[in-house]
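The values are calculated or read from the model by the stated rules, or taken from the named source; none is laboratory data. As the structure is a computational prediction, the values presented were derived from the model and not from experiment. Glycine also receives a Cβ, built like all others from the backbone with ideal geometry; neighbour counts cover every protein chain displayed. Keep in mind that these areas ignore ligands, DNA and RNA; they rest on the heavy atoms of the full protein, side chains included. Shrake-Rupley method; radii C 1.70, N 1.55, O 1.52, S 1.80 Å.
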Amino acid sequence: MTQSEMLGLSGDEEIIKELCVCNGVSFEKISQEGSGVTALEMFFSGFPRMVGLSLFPRLTRLTLVGQSITQIQGLENCPSLRELWVVECQIEEISGLEKCLQLLKLFLYDNNISKISSLELLTNLQVLWLNNNIISEIEGLSMLGNLRELNLADNLIESIGNSLDQNTNLQKLNLSGNKISSFKELTHLTRLSKLRELGLKDPQSRPNPVCMLCNYFTHILYHVPTLQRLDSYDVTSKAIKESAESTVTKKMMYYNMRLHSAQRQFDNTEAKLQQQKKKQMQRPEERIRTLSYTLKHVSIIINIQVKLNKIVILQMMLVEACFRRNITQALDRKELMVQFLVMELETVGNIRFEEGNTSDAWFSSCYDLLLSRFCALDHKPHNITGIKINRIIRVHNRVLRLRFEDKLHSMLTSQLIVSKVFLGHSVPARDGVPVSSEFYPRTHSVYPCSSDLQGSCDCSQKQTMWFVFDHELVLPEYLIDFDFIRQVLHTVSPGDASPLLCDNEALDREALALEPILEPRPKLLSLDEKSILTAAQANVLSQITVLNLHDSGLTKLKEISCLTALRHLTISFNEFTHLDDISHLPSLECVDASFNQIVTLGGLRGLGRLTQLDLRWNQLTHARDDMAVLQKHAPSLLRLDTRQNPWTTQKTAKMMVVLGRLRTLTHFDGVLVTEEEAADAEQMATVSKINEASLVAHSRVDSDRPRCLSLLTTAQLLTHLWPSPWTHTAEPEPGWTNKITALNLDGQRLARIANLDKLVNLRWASFNNNELSHIEGLEHCPLLEELSLNHNNISSLDGTSLSRLTRLSVNSNQLQCLDGSVLDHLPNLHFLSAERNLIPSLHGVQRSRSLFELYVGNNNISTSRDIYHLKVLTSLIILDLYGNPLVEKLESYRIYVVFHLPSLKALDGTVTECENAKDVFGGRLTPDMVTEKLGISNYREMTELELTACSIRMVDLVPADLFVNLRCVNLERNNLTSFSGLIYLPNITALCLNYNHIESVLPRQKTQTHHSLRQPPYHKVSSSGYGQHNSKNSRDALCGESLEPLMASLEVLHLGYNGISNLSELQLSRLTNLKSLFLQGNEMVQVEGLEGLRRLQELVLDRNRLRCVSANSFSAQAALLELHMSDNRLRDLSHLHTLSQLRSLHLDNNKVQDLSELEKLDALPSLIKLSVLGNPVARRCLHRPVVVLRLPGLQVLDGISITLDERTRAELTYAEGQVHIYIYMYRERKLYHITLVVAEVHRFMRRTDGIKGFKDSKKTLKILQLVK
């Protein structure tokens, strides 16, 4: 140290000595040792200022903690300083670091710094701690490109903004203990791709307000996926990241669905307004039609006609203006709702808007509040008499101080906000003093003096104006959409008939009644040469130049092609749908085809001289296609009138299309075309092509989709967020097209997609609002993930063979189908939107097995079978079918769809909560189920139907005409309780319902409900006995009353194992043509209810609980041929005598004990087969001779044929027994005449004559000896 330096430091000698002592440096040898010191520390010693640091030129680390330092100084001679700690001091600003260019770490926490400044030169700085200061804004860090760690905790920071965009190497960021309250601020952190640790509510600091919001954790992890630690928690787990990603994805899907719902609500409103407009237009249209019709006949009232039409046109203009005004209001409301949805999404649901209805208590309170505050006198100068409240929206805010006033302010038009306000200390406003917190200290709000608001009515006492200085004290709670009701003063109502219009209608009628009275024109059934000559009043066809076929009832003009000289043709007021027949008329100049049903000009050809064409009052809809036809085939057209057609485009857009295509027009819709209009239309009609300029202007090169909660497509979002990376003036670098990942060419008037062969890395593309008719030119973009083609003219999905495509949107096109062969090449498609097309069926969409979201609203889908195409889409959670005929046509539509698509979470914009779907549609056999299970769609070709074990509980095969050829039905092992809809199938001959729960042919009667057309009213089946089990009266009524027959073709019926206990309740008597009935395995104890089955030939009652047969059991079964009653509990075989035709009887495994019961079977004259195995009477086969003897016609017994020898032996055995009996009786003196014994012996001898060797047998000799 030089002498001069020592003199300069003499005043701070004590401070320097203390510094040396604290760091073990000798103050006396400081000049020698100071240059070798690299680190200094000073803790809580009251160090007043930074002095003596020039004595340590090689200093690399300086630590000053708890000192009284107010500014940083004395570091000019420490160029090697790498780490500086000036903490817990009193520093008020950052300064004195200009020479410390090698500084790597800077710690200035716990000071009084209010602004980040003077750090621009510290480009090597890696660590910066400014926590526990009073910093309110992040700034001055843009030059710190090497910054890796930043601590700004416990300051007053409210926003992040773009202040950290340049700090791309930042890895650790702590913003805990600040005032960040919006999720939108946190989205700026997405640009910090290397951020690993983030703190917003560390345990050592108070949390930011944003941390108190719902979904905070999820929001951060989604937007900053590179994080490893958040608020000191480890978030490296893959499950945590996937959970956050999944949650946000679902949020995006939900709000995208809500967006479609908002569009649907607008479409509904527009449709209602269209109906209202149509109704209001009906009367003026009828007047114009009548007057125009008359004008075609005569010309004497032309001047009156023009005057009268002005009044009618005025009414139509008023209706049209009212319609447009209402449409504009509806569109504004839709846009407002879209903005609300975006706000909800951006705040992750922490700001939510709920539209109320009259059932909500808060709705009525808010409604009454607004009406009570309205004062008619205040609005009297504007002719306002009241207000009409359209809707009230409730604002849900999870944080009372959430700042969203600016977001709402830019959206509101005729809306009113109802807020909750804390007025605090309020004072009256002073005259001439601006209303500002600067002029009213320690005041929260001010209000004008009461005299300023005093009016002439009592309601002024309820109205007070307040000015609140702190907007955080105002919490919006309700948003009310209303319209003013104005007093109508002598205006023409578009809907009602005013006196003015009524008077003019009277004038019209008077004019039409003038002489001459017009007679109806004759109708032409067909147009031939004679009728043409008559209509033209000519003699030769080739000389006809003018032809008037007005009101001739024509639909075709087949013979008109021979009129080569025809120049003027009138075909108004006919039934034409096309104009193909007037093609190739070389001289035709003027055509009046007004007041027809023309739907297209597609067939028009070869009208090179046509100059005037009247197409008013037809059914034309597609201006672009029809004008293209006229452009090509009527190049000389000068006048065109297309008014009063249901064009799909608006009037201005239609005009641009027409004038852009037909550049020769001088008059359009009765108005002269100006040069400005023609120029604008020509410019609009100029078709653009994809070239280098458009690619430069509308492409982006981002490698990832922005981590942004937005409902825009990725291509739209990237072009909205960032400018083009290419400069329009300089030549792009070689290979620049390979870098393009996003392309947004919306609204560029493209006719085809081309010149994309070099965009090999394109991932996101949007071609909305163009003139595309095909999907083409994308084959060189294999990486494409998102494609948007809304509002074009595409009719087919051909050309989308993109294996990586995940999102496809083709709304508002002309699609005719969803081609399955195309969808096969889109294996990763998750999102498909094809709303407002012409799709008639969902067939083909089942090929997209990965679909999560499907939007096909406002198409032509009409059959429930289409729902079955979606059953294979197990991942489908959002489905929108709104606006299809299916929605109105299908009974219980929502429940039906939810039942068949159980994985669905939302249907038509509403969460699926139909818990009774299974009860309503579970187990219902429908044509769609037949198609699903059997793959059959042509039901008329079906002859057999077999669906076993399918849990079917109801049959609903309607219309029955589809199954006219069905003969055999097998529904075993299901859950049917009745024949259900089977009774309506006309030609079923065999029906198998084993293993069900059949209780009756018709469904059981329930409580009084509305009768469905598919189920006959129960009161017609008065004898069904429902609810009257074991009731004798009900059975008698059933037998005595004639019921309407059912299923006239049914011959074979299987009802085994159904748990049937009461046969009479089945109503089987109504199946009058039945021939075979199988009732095995049930619980019946008696046979009854078969009175109507007079044609029955086979009856199986095995394995029941039958104990006996009653007298009426088989009273009507005279034609029965085969009866099975095995495995029952029969003891008595009486009452079988009515079965005169019975040939086979099976009684195995019953409880028949006496031979006398078997002898009762001799009353069955036709019986040839009998089986009684397993009965007590059949043990040891002792019954066989008796049965053989008693039933002479029996051929098979117990499964064994009866031979002649067996029958003879049975007879001899019987005769021998009889002889023994008579001899016994004679010996016991019970028989006194031997003649009876002799007669019996003679009879026995006669029987044995035919048996070889029997006369000489021992038994015969023995009997003879006994007789002697």
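Within a Cβ distance under 11 Å of N133, other residues only, what is the Lys/Arg minus Asp/Glu net charge? Write out the running numbers ahead of the final one.
On the way: positive: K115; negative: E92, E93, D110, D154.
Surrounding charge for N133 is -3.
Counting only the heavy atoms of the protein chains, how much of K556 is accessible to a 1.4 Å probe, in Å² to the nearest 10?
Using a 1.4 Å probe on the heavy atoms, I get roughly 120 Å².
How much solvent-accessible surface does K380 expose, in Å² to the nearest 10, with a 1.4 Å probe and all protein chains in place?
Around 140 Å² of this residue is reachable by solvent.
Just add up the charged neighbours of H1135: K/R +1, D/E -1, any other residue whose Cβ is under 15 Å from the Cβ of H1135. Working shown, then result.
Numbers: positive: R1107, R1131, K1160; negative: E1088, E1091, D1132, E1157, E1159, D1162.
Within the 15 Å Cβ shell, the charges total -3.
In the stretch 1-110, carbon and sulfur make up what percent of the accessible area (probe 1.4 Å)? Mind showing how you got there, number by number?
On the way: 2540 of 5310 Å².
Taking all protein chains in place, the stretch 1-110 shows 48 percent carbon and sulfur surface.
What's the Kirkwood radius of the stretch 1068-1177 in Å, using all Cα pairs? Walk me through the numbers before you get to the answer.
Values: mean 1/r = 0.0731 Å⁻¹.
One over the average 1/r among Cα pairs gives 13.7 Å for the stretch 1068-1177.
Please list L962, L125 in order of solvent-accessible area, largest first, computed with a 1.4 Å probe with all protein chains present. Please list the in-between numbers first.
Details: L962 45, L125 0 Å².
The ranking, largest first, comes out as L962, L125.
Before anything else, pin down the relative contact order of the stretch 76-118: Cα pairs under 8 Å, at least 6 apart, normalised by residue count, whole percent.
Details: 73 pairs, mean separation 21.5, N = 43.
Dividing the mean separation by the residue count of the stretch 76-118 yields 50 percent.
On the protein heavy atoms, probe 1.4 angstrom, tell me the percent of accessible surface of the stretch 1035-1185 carried by carbon and sulfur. Walk me through the numbers on the way to the answer.
Working: 2840 of 6220 Å².
So the carbon and sulfur contribution to the accessible surface is 46 percent.
Solvent-accessible area of E944, probe 1.4 Å, all protein chains present, reported in Å² to the nearest ten, please.
130 Å²
Using a 10 Å cut-off on Cβ atoms, rank the peptides 883-892, 1158-1167 from the highest mean neighbour count down.
Values: 883-892: 15.8, 1158-1167: 17.5.
With the highest mean Cβ count within 10 Å placed first, the list reads 1158-1167, 883-892.
According to the square roots a ≥ b ≥ c of the eigenvalues of the Cα gyration tensor, what is the shape class of the stretch 1109-1155, taking rounded for a/c under 1.5, prolate for a/b larger than b/c otherwise, and oblate for the remainder? Could you put the intermediate results ahead of the total?
Values: a/c = 2.12, a/b = 1.53, b/c = 1.38.
Judged from the Cα gyration tensor, the stretch 1109-1155 comes out prolate (a/c at least 1.5, a/b above b/c).
Can you pull out the GluC sites (Glu not before Pro) in the stretch 104-209 whose DSSP state is coil and whose Cβ has at most 13 other Cβ atoms within 10 Å? Spell out each step's value before the answer.
On the way: sites: E120, E137, E139, E149, E158, E185, E197; in loops: E120, E137, E139, E158.
Those that pass, being in a loop and sparsely packed, are E120, E139.
Between their Cα atoms, which of K179/K251; K250/K272; K530/K558; K523/K558 are more than 21 Å away from each other? Write down the numbers at each step before the final one.
Numbers: K179/K251 26 Å; K250/K272 33 Å; K530/K558 13 Å; K523/K558 16 Å.
Those over the limit are K179/K251; K250/K272.
Please give the peptides 252-260, 1059-1067 ranked by average Cβ packing (other Cβ atoms within 10 Å per residue), highest first, as a rough proxy for protection.
Numbers: 252-260: 19.0, 1059-1067: 20.9.
The most tightly packed comes first, giving 1059-1067, 252-260.
Under the classification rounded if a/c is under 1.5, otherwise prolate if a/b is larger than b/c and oblate if not, where does the stretch 626-764 fall, given a ≥ b ≥ c as square roots of the Cα gyration tensor eigenvalues? Numbers along the way, then the final one.
Values: a/c = 3.03, a/b = 2.28, b/c = 1.33.
Here the stretch 626-764 falls in the prolate category.
What number comes out for the charge environment of S1061, summing +1 per Lys or Arg and -1 per Asp or Glu over other residues with Cβ under 9 Å away?
On the way: positive: R1105; negative: E1065, E1083.
With Lys, Arg at +1 and Asp, Glu at -1, the net is -1.
Give me the accessible area per residue for the stretch 639-758, probe 1.4 Å, as a whole number in Å². Display every interim value, and only then the final one.
Working: 6550 Å² over 120 residues.
Result: 55 Å² of accessible area for each residue.
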